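J.: The structure under discussion is supplied below as structure tokens; questions concerning it will follow.
The values are calculated or read from the model by the stated rules, or taken from the named source; none is laboratory data. Keep in mind that what you see is a predicted model, and the values were worked out from it rather than measured. We place every Cβ from the backbone using ideal geometry, glycine too, and count neighbours over all the protein chains shown.
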Amino acid sequence: MTVMKLSWRSIIPRCSKGIENEKPEEPKPKKEDSKHGSFGRLAMLDLSYPGSILSEDLSMSLVGSNLNVFTLEELKVITQCFSSANFLGEGGFGPVHKGFIDDKLRPGLEAQPVAVKLLDLEGCQGHREWLTEVVFLAQLSHPHLVKLIGYCCEEEHRLLVYEYMPRGSLENQLFRKYSVPLPWSTRMKIALGAAKGLAYLHESEKQVIYRDFKASNILLDSDYSAKLSDFGLAKDGPEEDKSHVSTRVMGTQGYAAPEYIMTGHLTAMSDVYSFGVVLLELLTGRRSLDKSRSPREHNLAEWARPMLNEPRRLSRIMDPKLEGRYSETGARKAAALAYQSLSHRPKQRPKMSEVVKILEPLLDYEDTSVATFVYTVPTQSGLPPKEDKDTKEREPKAELKKENGHHRQRNHRTRHERIHRNKSSSMSSVHSDDAPKQNTENGSNSPLHHKSREEHNVE
């Protein structure tokens, strides 16, 4: 692979304006890292504040970058002056607008829709994360990583331009109230795509630990192909003679690995735990943290993990929106993978490359209806219990209707009348004839949706 050596300032001109006179720290001598080789990726040693960035680190070679440097005026044209009609949402970094790059804007630019993120620079953390994202996405390329097309760095303005992801985030697809339920096969496709993205990061010549793997950071294209976004918290993996990276605990509650929260020791296995949480969200349709549920069910991983290796208990926690239409064998294997990924012992978790191998065959399992068995409790006389008048009005015919190859009871009876042994709940879900529309009021369908910056600190 050809290595193109670029200085940091040639990639991001004027980003350090106002700090040129700052005296940099004396760089510590470092031994040759064979991992860099042709990869030549910048080491993110200290981006906590622009003035403390080591000039030597910023001038390290980059793999040939195809990033475009946009002017603020060009981005105004692309987004129609950041029109409210193009507003997609607002996250921890700032507002996000949809735009369109016209091939007439500049020779050589591909005409395409884009998402433009404007960074709020009120805090140092935002600037550091902006730099981190540019550095990583400028040098990493994979079908399951969101593509950074370019950036703008003028005066105090910091903007990033990404490929547009029309399906938004996995979080919106799974949890938004009126979203169309994701079929089982689509869920497994998303899980596999996200796993491939993580595996690529972990197995790069210079390992990358993502550190913020969660449903809102998994973006979906028109075919529901998953891509990882938001590399603001990403870290270089440990050196060869180290077992972990010691760092301030950052991430999102409900997804962060327990040993990382307790010790600040970050490893690739921390990402594997977070993947297990997302896989659990895909299985159950529940959020990683949900304070609206009973206290013992607040934390999804803690509540659900004991049930993942027991088929009968697993069927009770499967997402009711699936309405029983999933592969039992596939669900058991996915649940076993989630169980292993959520182990409190990092060494017992699988590597992401192993996760990919386990998930790939699951795409071949068809969505099949799981039969619903209904048992009628007999009375002392041996006859079914009598129904009151109200029940009869609600249920004119207490019969079982055969649908899609398995039996379902058309209407529910009260709990004391029937005991349900369901492989999955038959609760009705809200359907929509069309794909979910973008919510421009609260930005929930933004293809670059982020939580507020405060949630990153899980201390």
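J.: Scan region 137-147 and give yes if some residue there is in contact with a Pro (Cβ under 8 Å, 6 or more places away or on another chain) and within 14 Å of Leu67 (Cβ to Cβ), otherwise no.
T.: There is no residue in region 137-147 that is in contact with a Pro (Cβ under 8 Å, 6 or more places away or on another chain) and within 14 Å of Leu67 (Cβ to Cβ).
J.: Given the criteria of a type in the set (D, E, K, R) and touching a strand residue (DSSP E or B) at 6+ places or on another chain (Cβ under 7 Å), does Lys206 qualify?
T.: Criteria met by Lys206.
Here's the yes/no breakdown for (1) in contact (Cβ under 8 Å) with a residue 40 or more places away in the chain; (2) touching a strand residue (DSSP E or B) at 6+ places or on another chain (Cβ under 7 Å); (3) among the polar types (S, T, N, Q):
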site: Ile218; (1), (2), (3): yes, yes, no
site: Ser225; (1), (2), (3): yes, no, yes
site: Leu228; (1), (2), (3): yes, yes, no
site: Phe231; (1), (2), (3): yes, no, no
site: Lys242; (1), (2), (3): no, no, no
site: Gly251; (1), (2), (3): yes, no, no
site: Tyr255; (1), (2), (3): yes, no, no
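J.: Still on this structure, I have one more. When you scan region 211-259, how many residues do you find that are in contact with a helix residue (DSSP H, G or I) (Cβ under 7 Å, 6 or more places away or on another chain), surrounded by fewer than 22 Cβ atoms within 10 Å (Cβ to Cβ), of a type in the set (Asp, Glu) and part of a loop (DSSP other than H, G, I, E, B)?
T.: 0
J.: Filter region 199-210 for residues that are out of contact with any Leu (no Cβ under 8 Å at 6 or more places or on another chain) and in a loop (DSSP other than H, G, I, E, B); which is modelled with the lowest pLDDT?
T.: Glu205
J.: Still on this model: Working only within region 51-91, note down all residues that are of a type outside the set (A, V, I, L, M, F, W, C), surrounded by 15 or more Cβ atoms within 10 Å (Cβ to Cβ), modelled with pLDDT of 90 or more and assigned to a loop (DSSP other than H, G, I, E, B).
T.: Thr79
J.: Pick from region 166-181 the residues that are assigned to a loop (DSSP other than H, G, I, E, B) and touching a helix residue (DSSP H, G or I) at 6+ places or on another chain (Cβ under 6 Å): which of them is nearest to Met318 (Cα to Cα)?
T.: Pro181
J.: Cys152 passes all but one of (1) outside the structural domain of Leu363 (by TED's automatic domain parsing); (2) under 23 Å from Pro350 (Cβ atoms); (3) hydrophobic (A, V, I, L, M, F, W, C); which number fails?
T.: Cys152 satisfies every listed condition except (2).
J.: Determine whether region 107-118 contains at least one residue that is surrounded by fewer than 23 Cβ atoms within 10 Å (Cβ to Cβ) and among the polar types (S, T, N, Q).
T.: yes
J.: Which one of Thr267, Thr263 is buried (at least 17 other Cβ atoms within 10 Å of the Cβ), among the β-branched types (Val, Ile, Thr) and either farther than 23 Å from Pro181 by Cβ or in contact with a strand residue (DSSP E or B) (Cβ under 9 Å, 6 or more places away or on another chain) (or both)? First the steps, then the outcome.
T.: Details: Thr263 fails: buried (at least 17 other Cβ atoms within 10 Å of the Cβ).
Selected residue: Thr267, the only one of Thr267, Thr263 that is buried (at least 17 other Cβ atoms within 10 Å of the Cβ), among the β-branched types (Val, Ile, Thr) and either farther than 23 Å from Pro181 by Cβ or in contact with a strand residue (DSSP E or B) (Cβ under 9 Å, 6 or more places away or on another chain) (or both).
J.: Right, another one. Is there a residue in region 142-165 that is under 16 Å from the mean Cα position of the chain (by Cα), buried (at least 23 other Cβ atoms within 10 Å of the Cβ) and assigned to a helix (DSSP H, G or I)?
T.: No: zero hits.
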